[in-house]
Each structure stands twice: as C-alpha cells, then as structure tokens.
Amino acid sequence: MAILAAWVYSLYPHASLSAAVYDDVARAMAARAAADPATLELLNGGIASLNAASKGDWLSQSPAQRTAILTQQESTPAFGFVRATAAFLLYTRPDVWKTLGYGGDAWSFGGYSREQVNSIDWLPDPKPIP
Amino acid sequence: MSKSRHGLNDAAVVIIGSGAGGATLAHELCTQGIDVVLLEAGRRIEPAEFRNDDMFAFGQLSWLDPRTTSGNWDVARLSPNMPAWTVKAVGGSTVHWGALAYRMQAHEFAPLSHYGSIDSANLADWPLDLAELDPWYVRAEDRLGVTGTGGIEPLPVTNNYKVMWNGATRVGYRNVRNDRHAINSQPRAGRPACLQLGFCTSGCKSAAKWSTLYTEIPAALATDRLDLRTGSMVLKIEHDAAGKVSGVVYADSAGVQHRQRARLVCVAGNGIETPRLLLNSASAKFPQGLGNGSGMIGRHFMKHVNALVFGRFEHTVHMERGPVASGTVFDEARLDTARGFAGGYLMQSAHVGLPSFGIAVKPGAWGAEFGHWVDDYANLASVWMNGEDLPAAANTVTLDASKKDAHGLPVAHLHIDDHANDLAMRGHYLKQARSLLGAAGARQFLECPPFPATHTLGTCRMSRTPSTGVVDAFGRSHEIPNLFISDGSQFVSASAQNPTLTIVALALRQARHIGDLMTRRAV
C-alpha cells in the first residue's frame with residue numbers, strides 16, 4: 001500500500017494534501033483492482049516493474065529517480081491504469097476540492113452571491129455592453 | 001413510463017429525439033392541433049436528479065453507447081472510444097449545453113459565394129438566407145429568453161469573463177459582450193433566475209437555463225396531443241411500396257420492439273444518430289439508406305474547431321463561479337482571409353471544474369508540473385474557441401459493420417481529417433488567446449487538445465437540388481415527401497456560432513411549413 005500511495009503522489013504531488021489522502025486513494029484503488037483478477041494482476045505487475053527498475057526497492061529511490069522510473073514505464077498498461085484511476089479518485093474528492101480552493105457543489109450552499117461571482121479586485125470591471 | 005396517448009396504429013407525426021430541434025418541433029405541432037408521438041432513446045432525468053459534480057454528470061447524462069472513429073483528427077487518438085459527447089436523456093444536448101445563443105451571420109449562409117471554392121472542402125450555400133430566418137430568430141430568442149434581446153438584461157459579470165474582457169480590450173478587441181445567454185437573469189416564463197451555480201453543463205438544477213426538458217416538453221404535454229415515449233430507441237424507419245415513410249420500429253427500455261405507424265417522420269437524433277438511423281433504414285428501394293439517392297447522408301460532418309487555453313495568474317480568479325460560458329469576444333468571427341484562413345471563430349470565457357481540469361482536459365497529464373497547475377486551480381482563467389470548420393465530403397458518419405449495438409445494429413463511425421483551414425484557424429486562436437490572457441496578467445499558459453464533438457452538424461445537408469444534398473430549405477427529404485430532418489444535420493455550413501439558436505429557429509419555421517402541408521393535405 002505504501003508503494004501505491006507513493007506512486008499516486010509522484011503522479012499528482014500536492015504539498016497541501018495530507019499523507020492520509022494519498023493513503024486513502026491508494027486503498028480505494030487497491031479495492032477496485034481486487035474486484036477484478038485481471039486488474040489485480042496488472043496492478044501487482046506494475047508495482048513489481050517499479051521495484052525491478054529500482055534494483056528491488058522503488059520506495060528507497062529519490063523523488064527524482066522515482067519520477068524517472070515512472071517516465072520509463074508510462075506507456076505500459078499498468079501505468080495507464082494507475083494514472084487514470086489516481087486522477088479520478090483524487091480529483092473527485094470534496095476534501096481535495098476544499099484544500100485546493102475549488103468551490104465544488106454550489107447547489108449545497110444555494111449558489112454563489114454577486115460578490116463571490118465577481119470577486120476579482122485586481123482588474124477593473126468591464127464597461128457595460130454598448 | 002408515460003401512458004401512451006396515441007396507439008401504435010394511429011398515424012401521428014412521429015418525431016425522433018427530444019432535443020433542441022425535436023422537442024421544439026413537437027411543441028409547435030401540438031400547439032397547431034397535430035398529434036405527435038415523440039420517441040426519445042434516453043430517460044427523463046429531472047433537475048432534482050442533476051448533481052453539481054462533473055464526473056457524476058458525465059456518467060448520468062452522456063450517450064455512452066459505442067461509436068467508433070478514425071482519421072487524423074486528435075480525438076481519434078485521444079478519445080477513440082468516445083469521439084462525440086452528446087446527451088442521452090429527454091432534452092437531448094440542451095440538458096448539457098452552455099446556453100450561448102447566437103444568430104449566424106449573413107455571409108455564413110453563403111460560404112461558397114463568400115469564401116470561394118476551397119480544395120478538399122465541399123462548400124455550398126444554404127438554400128435560405130439570414131433575411132429568411134430573421135423572423136424565426138426573433139421567435140427563437142423570445143422562446144429561449146436570450147439575454148440582450150427583447151429587453152432581457154445580461155447575467156452578472158463573472159470572474160472568468162472579467163479576465164477575458166480586460167485581456168481582450170487591452171489587445172484591441174472591440175466587440176466583447178456577456179449577453180446572448182438562454183439563461184434567465186430574472187424570473188421569466190415560470191422559471192427562476194440563475195443561481196450562479198457554475199454547473200450549466202451538468203444539467204441546470206434551478207431550470208434557469210433553457211432546456212427542452214422543462215420548457216418545450218411540458219408545454220407540448222399540456223396540449224394533450226403529445227405522446228412522449230422515453231427509453232425508446234428507434235431502430236428503423238419503414239416505407240411503403242410508393243416510397244413514402246409508413247412508420248418506425250423502436251425498442252422500448254425492456255428491449256421489446258414495437259412498430260408505430262406514422263403519417264410523417266421527423267428525425268432529430270443529432271448529426272450522428274440521424275444519419276446512422278437513415279443508413280440503417282436501407283431497403284431494396286433505398287439501398288444506400290433512406291432518402292440517400294444523392295449519397296450525401298453522413299457526409300460533411302462538422303463539429304466546429306475547438307480549443308481551450310488556460311492562463312495562470314498571480315492572484316485568485318475563482319473561474320468556476322457563475323455560468324460555465326460567461327461571455328464572448330466576437331471580433332474574430334469576421335470574414336478576413338488576411339489572417340490565413342476562411343471563416344471565423346468566437347472566443348468564449350468558459351470554465352471547467354477542478355475534476356475536469358485534473359482528469360479530462362489534458363489527457364494523460366501527470367507529474368510535478370501538472371500538479372502545480374492543479375494546485376493553482378483558483379488562479380486560473382480560461383478561454384474557449386468555437387470556430388467554423390469546413391464541410392468535407394470525406395468527413396463522414398458511416399455504419400461500422402464490425403461493431404454492433406445492443407440491438408444488433410451497426411454503430412456510428414466518425415471519420416474526420418482536419419482541414420488545413422481548420423488548423424490555420426486554431427493556430428491563430430492559440431496565439432490570440434495567449435496574447436489576451438497575457439494582457440490580463442497571465443504568466444503561464446496551458447493549451448488543451450480538442451475535445452470530442454458536441455456540435456454535430458451537416459450530415460443531411462440542405463440543398464436546392466437533390467443531387468447535392470439530402471433535404472430542401474425546410475428540411476424535407478428530396479426523395480421522400482413525408483420524411484423531415486429537424487436537427488443540426490440540416491446545416492450546410494457550421495458558421496462560427498454555436499448551433500442551438502439556429503436549430504430552434506429552423507424547427508419553428510419547419511413546424512409552420514409542416515402544418516401548412518398537412519392542412520393542404522400535401523403530406
């Protein structure tokens with residue numbers, strides 16, 4: 001699990017997000033893979049490939065080295081699965097939206113006010129339509 | 001499931017598809033006292049079921065039945081399993097649309113006359129002009145409640161529009177406006193004003209945005225002449241020995257097939273499903289497809305040239321607040337071949353949510369640099385392009401015999417090669433968008449590749465003569481007097497404008513024409 005969480009972090013690193021978020025995404029991904037034998041084999045094979053390219057332990061590599069190894073693997077089906085699933089699981093989380101400053105479900109708070117919709121104070125307002 | 005008002009043996013007008021064209025036509029015909037059976041493949045999803053959630057909405061609303069694609073357009077490489085993004089629900093793509101409602105420009109009805117012949121394109125002039133459509137545009141604008149028309153106030157200025165307006169005016173653009181929305185700025189027509197949710201394209205939960213789902217459909221049902229059958233996928237249009245349409249075969253949501261008799265049939269399934277249905281309705285008398293003697297059905301597929309550019313600013317923008325498509329720069333929609341291409345394009349302040357940004361708009365993106373873009377989501381503004389692509393005879397919707405749908409019918413295959421004119425236009429836009437965003441203060445730019453097609457046009461084009469098109473100036477089949485096309489398939493050119501207002505204007509006009517023909521027993 002630690003290696004998968006680290007893989008997700010290498011794909012989509014956000015200093016503002018806690019380790020718990022990445023652990024959670026990794027758990028959810030592993031659960032998806034576990035539901036289908038072919039996907040589980042793909043995922044395990046992908047992890048094995050990372051370790052093989054690291055002479056045994058991808059986690060012990062520096063961040064730059066980890067990224068370099070991932071780049072070598074980026075055309076593989078395993079990489080494709082992990083990348084697409086990581087992006088989906090990470091960027092559909094309301095806690096991630098909150099941390100990254102995205103408003104999310106506006107219906108839940110009745111939509112934005114005029115002041116919020118036009119909140120920019122570093123540019124002048126458009127002139128009215130002639 | 002709604003109770004059937006009309007029996008299978010009642011020869012009503014059968015309309016296929018409940019989007020901008022089909023539902024508007026249904027409403028108009030019912031108001032004229034004509035019985036209509038409207039067959040919609042999707043189900044009726046009410047606003048209470050919509051969610052302010054990009055990914056959920058995608059799964060809920062999209063036409064996910066398979067289509068295939070080929071050609072050198074980017075989408076064939078980036079989204080081979082989903083070359084088009086249309087809606088499967090009552091309301092069609094009016095559930096998803098951003099509600100930008102423009103009239104075509106006069107010269108865009110006659111591109112052959114104005115642009116001249118262009119290699120590898122099959123330009124043609126429409127058999128009608130802006131003057132002819134003008135009164136119907138007026139009616140359509142009133143029907144849709146288009147801001148900036150009929151005294152309707154524009155929506156409030158949004159952050160994303162404010163950035164675009166400032167950048168645009170600084171680089172010298174003169175025609176920048178935040179009107180032309182089919183979205184209530186005040187309560188109107190029994191629907192509330194916009195709540196500034198920012199999820200127009202996930203289905204409007206407040207119903208402030210015009211969508212046939214909660215406008216034309218309920219109005220038509222109130223006449224007691226509409227029989228709306230949802231979950232009803234039309235498989236084939238049948239004809240009699242004389243070559244007139246006699247009825248349609250459709251599958252209901254349980255997969256059971258039914259035959260509905262028809263006095264006439266109006267096809268409004270969009271620019272992909274309409275030609276597909278006509279091709280799948282081939283018979284001994286119409287071996288190339290129903291009404292396809294000209295061989296033009298499925299040809300000249302147009303979708304607009306599109307592109308999306310993000311600018312990254314040093315201060316917060318919060319682009320997601322307010323309507324998805326909040327304003328327009330019109331300057332580049334002019335005809336000016338000195339720029340290196342024929343036709344023009346609109347620039348629109350159009351945002352995407354963080355999920356779409358992180359997951360969809362930059363396919364395959366990952367790593368620290370992309371992560372920093374997502375980190376700065378709140379400091380991003382974006383400009384979208386909608387440009388006129390040219391009709392090419394080789395850009396086609398055909399039947400993919402190697403892939404069948406759940407009913408055993410060949411799926412639609414889109415073959416699209418970019419035209420040099422499209423590429424020159426996109427290149428120009430990318431330069432202008434960076435200039436504009438830079439003038440507003442952006443320091444970094446992210447260009448996104450083209451998206452799957454949502455505007456699907458041209459595949460049953462109008463023409464004066466039967467050999468050069470599929471339908472006449474009223475969308476009536478040249479070959480089959482009681483077969484009509486009522487969606488964007490009729491378009492002869494794409495123009496620089498988003499198509500919905502023109503589709504509605506044509507449907508209003510076609511309804512009058514059909515009513516006249518029926519009254520005179522000419523059909």
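The values are calculated or read from the model by the stated rules, or taken from the named source; none is laboratory data. Owing to the predicted nature of the structure, the values given are computational and were not obtained by experimental measurement. For neighbour counting, all protein chains shown are included, and Cβ atoms are generated from backbone atoms with ideal geometry for every residue, glycine included. Just so you know, the surface numbers come from the protein's heavy atoms only, side chains and all, with ligands and any DNA or RNA stripped out. Shrake-Rupley method; radii C 1.70, N 1.55, O 1.52, S 1.80 Å.
Just to be sure I understand the model, the point goes 7 Å from the Cα along the line to the Cβ. What's the resulting A:S119 to B:A11 distance in nm?
6.2
Which of the trypsin sites (Lys or Arg not before Pro) across the stretch B:225-294 are loop residues per DSSP, with 14 or fewer other Cβ within 10 Å?
When the trypsin sites (Lys or Arg not before Pro) of the stretch B:225-294 are filtered for loop state and at most 14 Cβ neighbours within 10 Å, B:K285 remain.
Kirkwood hydrodynamic radius, chain B, all distinct C-alpha pairs: what's the number in Å?
Averaging 1/r across every pair of different Cα atoms and inverting gives 23.0 Å.
For the pair B:Q186 and B:Q444, what calculated FRET efficiency results from E = 1/(1 + (r/R0)^6), where r is the Cβ-Cβ distance and R0 = 60 Å, to the nearest 0.05?
Here the calculated transfer efficiency is 0.95.
Whose amide H sits under 5 Å from the amide H of B:H455, counting only residues 5 or more places off or on another chain, with H placed in the peptide plane?
Correct list: empty.
Report the net charge of residues surrounding B:R51, where surrounding means a beta-carbon distance below 10 angstrom and charges are Lys +1, Arg +1, Asp -1, Glu -1.
That sum, taken over residues with Cβ under 10 Å, equals -3.
May I ask you to evaluate 6.51 cos²θ - 1.76 cosθ + 1.60, the Karplus curve with θ = phi - 60°, for each residue of the stretch B:166-171 and list the ³J(HN,Hα) values in order in whole Hz, giving x for glycine and proline?
After applying 6.51 cos²θ - 1.76 cosθ + 1.60, I find 5, x, 5, 5, 5, 8 Hz.
By how many nm would the segment from B:A131 to B:V256 grow when fully extended, if each residue of separation counts as 0.36 nm and the alpha-carbon distance is taken off?
40.3 nm
I want the local charge near B:R339. Using Cβ-Cβ distances under 13 Å, sum +1 for each Lys or Arg and -1 for each Asp or Glu among the other residues.
Net local charge, B:R339 excluded: -1.
Step by step: find N for chain A, compute 2.2 N^0.38 Å, then divide the Cα radius of gyration by it. What's the final number?
It is 1.41.
Between A:T76 and B:K285, what is the label-point separation in nm under the 7 Å Cα-to-beta-carbon projection?
Each label point is offset 7 Å from its Cα along the Cβ direction, giving 6.1 nm.
Would you grab the residues whose amide H sits under 5 Å from the one on B:I15? Only those 5+ places off in sequence or on another chain, please, with H modelled 1.01 Å from N.
B:V37, B:L38, B:L39, B:C266
Mind listing the phi-derived Karplus ³J(HN,Hα) values for the stretch B:427-443, rounded to whole Hz, using 6.51, -1.76 and 1.60 with θ = phi - 60°, and x for any glycine or proline?
Couplings: x, 5, 4, 4, 5, 5, 5, 5, 4, 5, 5, x, 5, 7, x, 5, 10 Hz.
Antiparallel versus total DSSP beta bridges in chain B: what percent is that, nearest 5?
That works out to approximately 70 percent antiparallel.
Treating only the Cβ of Lys, Arg, Asp and Glu as charged (+1, +1, -1, -1), what charge dipole size does the stretch B:164-222 show about its Cα centre? Round to the nearest 20 debye.
Dipole magnitude for the stretch B:164-222 comes out near 220 debye.
In Å² (nearest 100), what accessible area is buried between A and B, both sides summed, heavy protein atoms only, 1.4 Å probe?
3900
Using +1 at the C-beta of Lys and Arg and -1 at the C-beta of Asp and Glu, which of B:P410, B:V397, B:S253 has the Cα lying farthest in the positive direction of the dipole of chain B?
B:S253
Whose amide H sits under 5 Å from the amide H of B:T68, counting only residues 5 or more places off or on another chain, with H placed in the peptide plane?
For B:T68, whose amide H was placed from the backbone, the distant partners under 5 Å are B:A412, B:H413, B:L414.
Just want the answer: with Cβ charges of +1 for Lys and Arg and -1 for Asp and Glu, which residue in B:A505, B:L335, B:T68 is farthest toward the dipole's positive end in chain B?
The residue sitting farthest along the positive end of the dipole is B:A505.
Positive end of the charge dipole of the stretch B:411-523 (Lys, Arg +1 and Asp, Glu -1 on Cβ, about the Cα centre): tell me which of B:G427, B:S463, B:F445 has its Cα farthest that way.
Positive-end residue among those listed: B:S463.
May I ask you to list the aspartates and glutamates whose Cα is less than 15 Å away from that of B:K244, ignoring any residue fewer than eight positions away on the same chain?
Answer for B:K244, where 15 Å is the Cα cut-off: B:E479, listed by chain and number.
How much net charge surrounds A:R32 when only the other residues with a Cβ under 14 Å from the Cβ of A:R32 are counted, with Lys and Arg +1 and Asp and Glu -1?
-1
If one computes the Cα centroid of the stretch A:12-39 and of the stretch B:413-442, what distance in Å separates the two points?
Cα centroid of the stretch A:12-39 versus Cα centroid of the stretch B:413-442: 36 Å apart.
Relative to the longest principal axis of chain A, what angle (0 to 90°, nearest 10) does the C-alpha long axis of helix A:19-34 take?
On a 0 to 90 degree scale, this one is about 60.
Per residue, how large is the accessible surface of the stretch B:71-210? Use a 1.4 angstrom probe and give square angstrom.
Accessible area per residue, the stretch B:71-210: 36 Å².
What do you get for the angle between helix B:130-144 and the principal long axis of chain B? Use alpha-carbon atoms, 0 to 90 degrees, nearest ten.
80
At a Förster radius of 35 Å, what calculated FRET efficiency corresponds to the Cβ-Cβ distance of B:H513 and B:S70, to the nearest 0.05?
0.40
Hey, what do the phi angles of the stretch B:368-380 turn into as Karplus ³J(HN,Hα) couplings, whole Hz, using 6.51/-1.76/1.60 and θ = phi - 60°, x for Gly and Pro?
4, 5, 5, x, 5, 4, 5, 3, 8, 3, 5, 10, 9
Could you please state, rounded to a whole Å, how far the C-alpha centre of the stretch A:58-88 is from the C-alpha centre of the stretch B:219-242?
So the separation of the two Cα centres works out to 52 Å.
Which lysines have a Cα lying under 27 Å from the Cα of B:K403, excluding residues fewer than 8 positions away in the same chain?
Qualifying lysines at Cα under 27 Å: B:K88, B:K236, B:K285, B:K303.
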